[in-house]
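Read the structure below first, then the notes.
The values are calculated or read from the model by the stated rules, or taken from the named source; none is laboratory data. Since this is a predicted model, take the numbers as computed values, not measurements. Using ideal geometry, Cβ is built from the backbone for each residue, glycine included, and neighbour counts are taken over all protein chains shown. Accessible surface is based on the protein model in full, side chains and every heavy atom, while ligands, DNA and RNA are left aside. Shrake-Rupley method; radii C 1.70, N 1.55, O 1.52, S 1.80 Å.
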Amino acid sequence: MSRPFRAVSIRQLRALAALAETGSITAAANKLHLTQPAVTLQLRNLQALAGIPLIQRRSDGMQLTDAGLEVLALSERIEAAIAACDTSLEMIAGKTAGRISIGAVSTAKYFVPFAISGFLKLNPKIDVRLFIGNRQEIGSALRGYELDIAIMGRPPVDLEVETHLIGDHPHVIIAPTAHRLARKSDVALTELAGETFLTREPGSGTRSLMEQLFGSAGIRPTIGMEMGSNETIKQAVIAGLGIAFLSAHTVATELDERRLVILDVVGLPVVRQWYVVTRNDKVLLPPARAMLDFLKAEGPQFLPRTDRRMRLTRPSAPPAGHRIKR
């Protein structure tokens, strides 16, 4: 960093961040509750310190240059550090026990709330904030220093992170109980080529894993509908709109209630793992560190039990002499 740029101020960085978010000096001034000339001055001084253009004027507004994006990333890191310091000072002053920001991929919502509940029973004064999103969204939140801890299946490859294994994460193909293959054993993957699949949106880890599974077999599955939640997919499968490749952890209740079945497909389940993920350069304050230690030690007990349910690949046969009502 050049010596002149060391004189950068938080006001200048916040002016750039507001401009990046709003796209205009006027909107940035309104966001910061400043006058337009004041914001213009902050940006002019910041650009002078940088020594290269940070802002590009366009017909549809103002946009940051590559250099501007680099300075914006600095601003985000500084804001995260200020927020962490604020929490630490509050703890020292005895005003609060601290806050934790946790992100989890949507499939993990079937066990993460139970883990948080277990932690809060031991630490009732800690404020836990939970963000649920797909893999891309959780990765983006990690990059932006918005999360202390993330729970996901595949840690980002473009970040230096610390990972801790929680346990296995099996994936299966589910179908309605009346499906033609519901009672068949050792179903070949090729027998599903003509089936209609209901899938998660692109960017979902489950969707990527399904594409890898069929791609390795040289099969292109027919996609019926893309849906943004596992709950919607489960209801659509129950309704007979198609079958789906999903985490076994998302369908435990429906299997127990015999509203869904797991097809006995050769090579399945596909087993991946659950990880607790933190950034190497993210300073974890005591509350977040306590949560991380809790998840490392106790996290596996909160995973849905699938051993017994994996055997529910077909609905129970009716008693002898009993006719199924249609």
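In table form, for the structure just shown:
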quantity	calculated
GNM top mover of Thr206, Thr250, Thr65 - the chain, alpha-carbon springs below 10 Å	Thr65
Calculated P(r) of the range 101-170 - Cα pairs past 21 Å, %	24 percent
Dipole axis of the chain (+1 Lys, Arg; -1 Asp, Glu on Cβ), positive-most option in Ala175, Thr22, Gly103	Ala175
The range 1-38 and the range 165-187: distance between their alpha carbon centers, rounded to Å	54 Å
Area accessible to solvent at Lys109, 1.4 Å probe radius, in Å²	70 Å²
Computed lengthening from Thr253 to Val266, 0.36 nm per intervening residue step minus Cα-Cα distance	2.3 nm
Nearest-ten-degree value, helix 286-298 long axis tilted from longest Cα axis of the chain	20 degrees
Kirkwood Rh, angstrom, the range 120-249 [1 / mean 1/r, Cα pairs]	16.9 Å
Radius of gyration and Dmax over the Cα atoms of the range 24-170, both given in Å	19.8, 58
Per residue accessible area of the chain, 1.4 Å probe, in Å²	53 Å²
Contour excess over end-to-end distance, with Cα ends at Ile238 and Val283 and 0.36 nm allotted per residue	11.7 nm
The chain: relative contact order as a whole-number percent, Cα under 8 Å and 6+ apart	19 percent
Convex hull (Cα only) mean projected area of the chain, reported in nm² to one decimal	22.8 nm²
Ratio of Rg to Rh over the range 198-245 (Cα coordinates, Kirkwood Rh, two decimals)	0.96
FRET efficiency for Glu70 and Met225, using Cβ-Cβ distance with R0 set to 41 Å, rounded to 0.05	0.50
Most fluctuating residue given options Ile102, Ile138, Ile55, as computed from a GNM of the chain linking Cα atoms under 10 Å	Ile55
Mean-position separation - Cα centroids, the range 144-160 and the range 201-225, in angstrom	23 Å
Accessible surface of the chain [probe 1.4 Å, protein heavy atoms]: carbon and sulfur percent	52 percent
